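Heads up: the structure comes next, in structure tokens.
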Amino acid sequence: MKTKICRTCSILKPIKEFNKLYADYLKYQCKSCEKEYKRRYYQANKDGILAEQKKYYESNRNAINERKKGYYKSHFEETKKYQKQWRN
């Protein structure tokens, strides 16, 4: 089995514990370290991230709504089944 050392936690782990960066390249952090990094980053920058998301939504509201309507129309049966499941 192929293994790799995570540069963050310095633990030797199987390759399937790493996400791909490109087709043949793996990221330097294992999945658990990457998840922890992203969680910390979000907590530290929460206000800025939410402001950017709100700004994007406001400037692309029509396109987002059209995409949602298109999905709903093309997945009508699945959506109804899901909604019915949660109503009961």
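Values in this text are rule-based calculations from the coordinates and carry no lab data. Since this is a predicted model, take the numbers as computed values, not measurements. Virtual Cβ from ideal backbone geometry, glycine too; neighbours counted across all protein chains shown.
Can you give the angle from 0 to 90° between the axis of helix 31-44 and the longest principal axis of the chain, with both taken from C-alpha atoms, to the nearest 10?
60
Quick check on the chain: helices-only [θ] at 222 nm, where DSSP H runs of length 4 and up contribute -39,500 (n - 2.57) each and the sum goes over total residues. Nearest 500, please.
Rounded to the nearest 500, the figure is -19500 deg cm²/dmol.
Using only the Cα atoms, what convex hull volume per residue in Å³ does the chain have?
Given the Cα convex hull of the chain, per-residue volume reads 219 Å³.
Tell me, what is the percent relative contact order of the chain, built from C-alpha pairs under 8 Å that lie six or more residues apart?
14
Note the angle between two axes, namely the Cα long axis of helix 76-87 and the longest principal axis of the Cα atoms of the chain, as a number of degrees from 0 to 90, rounded to the nearest 10.
That helix lies at roughly 80 degrees to the long axis.
Compute the angle between helix 61-74 and the longest alpha-carbon principal axis of the chain, please, reported from 0 to 90 degrees and rounded to the nearest 10.
Approximately 80 degrees, to the nearest 10.
Round to the nearest 0.05 the FRET efficiency obtained for THR79 and LYS54 when R0 = 25 Å and r is the Cβ-Cβ distance.
0.45
What are the residues whose amide H is under 5 Å from the amide H of ILE11, where those residues sit 5 or more places off or on another chain and H is modelled from the backbone?
Placed amide hydrogens put CYS6 under 5 Å from ILE11.
Can you tell me how region 41-88 classifies by the Cα gyration tensor, rounded, prolate or oblate, using a/c under 1.5 as the rounded cut?
The shape class here is oblate.
Under a point spin-label approximation (7 Å from Cα along Cα-to-Cβ), what is the TYR41-ILE5 distance to one decimal in nm?
Output for this residue pair reads 2.4 nm.
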